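We did not get these values from a lab; they are worked out from the coordinates using the rules stated. From a predicted model like this one, the values you see are computed outputs, not experimental measurements. Ideal geometry is used to build each Cβ from the backbone, glycine not excepted, and the neighbour counts take in all protein chains shown.
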Amino acid sequence: MSEYLTVSNISKSFGSFQALKEASFCVNEGELVCILGPSGCGKTTLLRVIAGLEEQSSGEIVQKGVTISNLPPDQRDFGIVFQSYALFPNLTIKKNIIFGLQTRKQSSEIIENRLNELLSLIGLESHKNKYPAQLSGGEQQRVALARALAPSPGLLLLDEPLSALDAKVRQFLRLEIKNLQKKLGVTTIMVTHDQEEALSMADRIILMNKGVIEQIGTPQELYSKPDTSFTADFIGKTNLISAKKVSENKIKMLGQEFNCSEPLMSEEITVAIRPEDIKISKQESDPNTIQGRVLEIEFLGSYSIGQVEVQYNDQKEILICHLPIDNNEQSSIAKNSQISFSLNPNSLKIVSS
């Protein structure tokens, strides 16, 4: 897979505030990459710099072998969809979609063929003579997507395209957008603050924090192998516990020693443990077993989430764990009950603070 876009050491400042700090990454041709992070982390600023809507303070952007860092937006090869859709309210759906083609002075035959192709792709053939106000939010977003794709751009930029929609429509559209992107093979960068969106849609995720790229990887890599405590805590739920190195494969935390399969690079470490990796144990003699008291149980359908208090050396730590329904129905696992649980050495992930 060949590199399509290369972003090198991009920084952006607004006065004394540095919104981006030497961001670098590559996007492969045909790839869907999500830039993920909390509000104010710099993800939308980075997208706008790629589009030429903001000028970087330093750094370089290369698109398909051509340096575009200093080109105006109209000389860059991209289509963009904004969170607010930005459809022209006084134009029909048809005229919204073909707007970019008309400004490029395409022939009427090419315009009509492309219009019909896109209306078919987004499933709105019967709506072409309606106005945006006559469509639902999800339908308007599909029209905005079709308009961005109409000129056949090499790069598609999506700025939180689903955030204004309700949960069911979001879930439907994220699958639709992903399937459409794969069908067309268009290289896509999507900005989102929604970790579920990123995990379900992206080939790779660029996770940002305070203007810095925290980690880049596949959804599976960021979830299962977080490099930092921020990644572990932002992608899904996790327990972050302070620990000390005892030997090459042993750590001390929660008042006792545990086997650990991760390399231990320092004496003071932080361990990330996913709630689903905390297993209820019937044998207190099992390796890596610890006891705790169930403080709360939250029923979530196929499983429950339990808050378990572990006491040690006059200290307390509250862990979040999954409780299977069949276990939860047993009288031994109820609020205020004492339970034993085990931690698989492979599930103890060492992360940097």
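The table that follows gives values for the structure above.
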| item | result |
| --- | --- |
| Signed unit charges on C-beta, dipole axis of the chain, positive-most listed residue Leu254, Ser152, Ile290 | Ser152 |
| Peptides ranked, highest mean first, by Cβ atoms within 10 Å: ranges 163-169, 11-17 | 163-169, 11-17 |
| Entries of Lys316/Lys349; Lys237/Lys335; Lys210/Lys335; Lys178/Lys237; Lys12/Lys95; Lys94/Lys183 with Cα pairs more than 29 Å apart | Lys210/Lys335; Lys12/Lys95 |
| For the chain, calculated [θ]222 nm from helices alone, where every DSSP H run of n ≥ 4 adds -39500 (n - 2.57) | -7500 deg cm²/dmol |
| Cα long-axis angle, helix 93-103 against the chain (0 to 90 degrees, to the nearest 10) | 70 |
| Summed side-chain charge close to Thr238 - residues other than Thr238 whose Cβ falls under 12 Å, Lys, Arg +1, Asp, Glu -1 | 0 |
| Förster radius 35 Å - calculated FRET efficiency between Ser57 and Ile305, Cβ distance, rounded to 0.05 | 0.20 |
| Label of the coordinate-derived value, Kirkwood radius over Cα pairs in Å, listed as [x] 23.1; [y] 20.0; [z] 21.9 | [x] |
| Likely footprinting exposure, Ile350, Ile189, fewest C-beta neighbours within 10 Å first | Ile350, Ile189 |
| Ascending count of other beta-carbon atoms within 10 Å, so fewest first, for Met190, Met201 | Met201, Met190 |
| Angle between the chain longest axis and helix 108-122 axis [Cα atoms, degrees, rounded to 10] | 20 |
| Cα long-axis angle, helix 137-149 against the chain (0 to 90 degrees, to the nearest 10) | 60 |
| Calculated FRET efficiency for the pair Ser200/Lys244, C-beta based, R₀ 35 Å, to 0.05 | 0.40 |
| Rounded to 5, percent antiparallel among DSSP beta bridges of the chain | 75 |
| The chain, dipole about Cα centre (Lys/Arg Cβ +1, Asp/Glu Cβ -1), debye to the nearest 20 | 960 |
| GNM result for the chain, Cα springs below 10 Å: residue of Gln56, Gln195, Gln338 fluctuating most strongly | Gln338 |
| Options Val33, Ser266, Ser224, ranked by Cα towards positive dipole end of the chain, top entry (Cβ charges) | Val33 |
| Potential extension, Ser126-Gln102 segment - 0.36 nm per residue separation minus Cα distance | 6.5 nm |
| Highest-MSF residue in the chain out of Glu267, Glu125, Glu221 [GNM, Cα springs under 10 Å] | Glu267 |
| Summed side-chain charge close to Lys182 - residues other than Lys182 whose Cβ falls under 15 Å, Lys, Arg +1, Asp, Glu -1 | 0 |
| Mean Cβ count within 10 Å, highest first, over the residues of peptides 66-79, 24-37 | 24-37, 66-79 |
| Nearest-0.05 FRET efficiency for Ser163 and Gln18, computed from C-beta distance (R0 25 Å) | 0.50 |
